[in-house]
Amino acid sequence: MLLITFAKKRMDDIWNEICFELRTCIQNNVLEKDYENAICSCMVLLGWKKFRGEIVTQYPIQAGHENKYADIVVLQGGVEQFVIEIKRPNHILQEEDERQLFSYMRLLNHQVIFGLYVGDKIRLYYDDVASQQLPEQVFSLDIEEDTPDGLKFVELFSKDSYNVQILTDFCKRQKAIFQEHKQMQDEVAKILSDANGQIFKDALKEKYLNEGHSKEWIEKVLNQIVLTVSPLIKESRTEVATVVSDYESVSHVTNRDKTKYGFLGSGPLPKRKFAWSVVRYFVSKNPKTYDEYAKIFNTLKPDSQGVIRTYDSLSRAQMIRYFTKERECLKGVDGVKFVVCNQWGDFNIGPIIQFANSQGYNVVEYK
């Protein structure tokens, strides 16, 4: 028991030291080369040795008629084990970054099935060669001290405990969890995008038919109700689905979380205004096309509304869910006019806060 406790304490210390190294880089938004040096130091903390050729930076890879260079490759017994792709801490992960990592994983002398992407956080990718698909992200951890995920990372990637089969089994379990979660999220998004409640009306229709009611009777019942579905994520926010007749008003039972957020000295802002302000500030400092902005922001709110949408794509009914006043609209360098969603609460504001902090905006919470 004492040995287990000591081993856990040692792994905790290693992870916290890794966090110290990387958090300093993140806070200073260091150059990519400096970040690479810090990550090499972290690999040394995990027991891999430079002088033995186990940590190699700018590792040459033959790609057709040209040479490419992976940021870091870790080897054991002269055989590549995993590759690390590095970006500056404030860099927003793009599809091309992932594709570059995938190509390195598959073009090494000994193709590897594990890849790490290190930017604002650490992401693990697994190449399930039997699936004939591209590698997938199966694990992601924030660079924060004293976290169970950090302990797991040290356990998996320390040289003394590194085991390809154990890491493979972990990746497969994570992949199954991710797939189940994605299915659930897709189903929730499908339900929430059903503006007219047709999914539930169809279910009611089936129920009434099974009970022996006529189609005419069912239509008369369903034509008298409106269904409104809202996400119910945390106990602090309890919006219930509401069923009302045509001649009754729609009511909600809501216990709202009143936390506000500020950034870069803005003072406290309501969540909806905070989200809009973060997007507007980023746009003002980073000229891009609308499609580029959409790739960055809409992953932060993967539902039918997204974080941003083009102004022209909105129906009259949808406009109430976005900041659509002329002074609130934004434009990309391609001239596309777009708007920011105003549907924010404690259940979905987290990714916006994380994004703002990754940009160095220093988010402050006001209770």
**Request:** Tally the DSSP beta bridges in the chain and give the antiparallel ones as a percent, rounded to 5.
**Result:** 90 percent
**Message:** What does the extension gain come out to for ALA189 and ASP128, with contour length at 0.36 nm per residue minus their alpha carbon separation?
**Reply:** 19.2 nm
**Prompt:** Hey, rough spin-label estimate for SER140 and VAL44, points 7 angstrom out along Cα→Cβ, what's it come to in nanometres?
**Reply:** 3.1 nm
**Asked** Relative contact order of segment 55-212: what whole-number percent is it, with Cα pairs under 8 angstrom and at least 6 residues apart?
**Response** 12 percent
**Within straight-line cross-link reach of LYS201, lysines at Cα separation under 18 Å, skipping those fewer than 8 residues along the same chain** = LYS190, LYS215, LYS220
**Prompt:** Once a ≥ b ≥ c are taken as the square roots of the eigenvalues of the Cα gyration tensor of segment 131-179, is the result rounded (a/c under 1.5), prolate (a/b larger than b/c) or oblate (a/b not larger than b/c)?
**Reply:** oblate
**Message:** Less than 17 Å apart at the alpha-carbon level, and either on another chain or at least 8 residues along: which aspartates and glutamates does that give for LYS87?
**Reply:** GLU21, GLU32, ASP34, GLU36, ASP71, GLU95, GLU96, ASP97, GLU98, ASP120, ASP142
**Fill in**
Surpassing 26 Å at the alpha-carbon level, of the pairs LYS175/LYS207; LYS260/LYS325; LYS152/LYS273, are LYS175/LYS207; LYS152/LYS273
**Request:** Using 0.36 nm per residue of separation minus the Cα-Cα distance, give me the extension gain between ILE177 and ASN163 in nm, one decimal.
**Result:** 2.9 nm
**Request:** Any chance you could check the Cα centroid distance between segment 68-88 and segment 127-146 for me, in angstrom?
**Result:** 16 Å
**Message:** Over segment 260-366, what is the relative contact order in percent, taking alpha-carbon pairs closer than 8 angstrom and at least six residues apart?
**Reply:** 38 percent
**Message:** If you average 1/r across every pair of different Cα atoms in the chain and take the reciprocal, what Kirkwood value do you get, in Å?
**Reply:** 23.9 Å
**Exposure proxy order (Cβ contacts within 10 Å, fewest to most) of LYS260, LYS301** = LYS260, LYS301
**Ranked MET105, MET11, criterion: other C-beta atoms within 10 Å, fewest first** = MET11, MET105
**Prompt:** Along the charge dipole of the chain, which of TYR69, CYS40, THR259 sits closest to the positive end, that is, farthest toward it, with unit charges on the beta carbon of Lys, Arg, Asp and Glu (+1, +1, -1, -1)?
**Reply:** THR259
**Complete:** Taking a ≥ b ≥ c as the square roots of the Cα gyration tensor eigenvalues, with a/c under 1.5 meaning rounded and otherwise prolate when a/b beats b/c or oblate if not, segment 2-181 comes out rounded
**Request:** Past 18 Å, Cα to Cα, is the threshold; run LYS121/LYS271; LYS285/LYS331; LYS121/LYS172; LYS295/LYS331 against it and keep the listed order.
**Result:** LYS121/LYS271; LYS121/LYS172
**Request:** Between beta-carbons, use under 12 Å as the cut-off and find the net charge around VAL188, counting Lys and Arg +1, Asp and Glu -1.
**Result:** -2
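No lab work stands behind these numbers, since they all come straight from the coordinates. Given the structure is predicted, the values throughout are model-derived calculations rather than measurements. For neighbour counting, all protein chains shown are included, and Cβ atoms are generated from backbone atoms with ideal geometry for every residue, glycine included.
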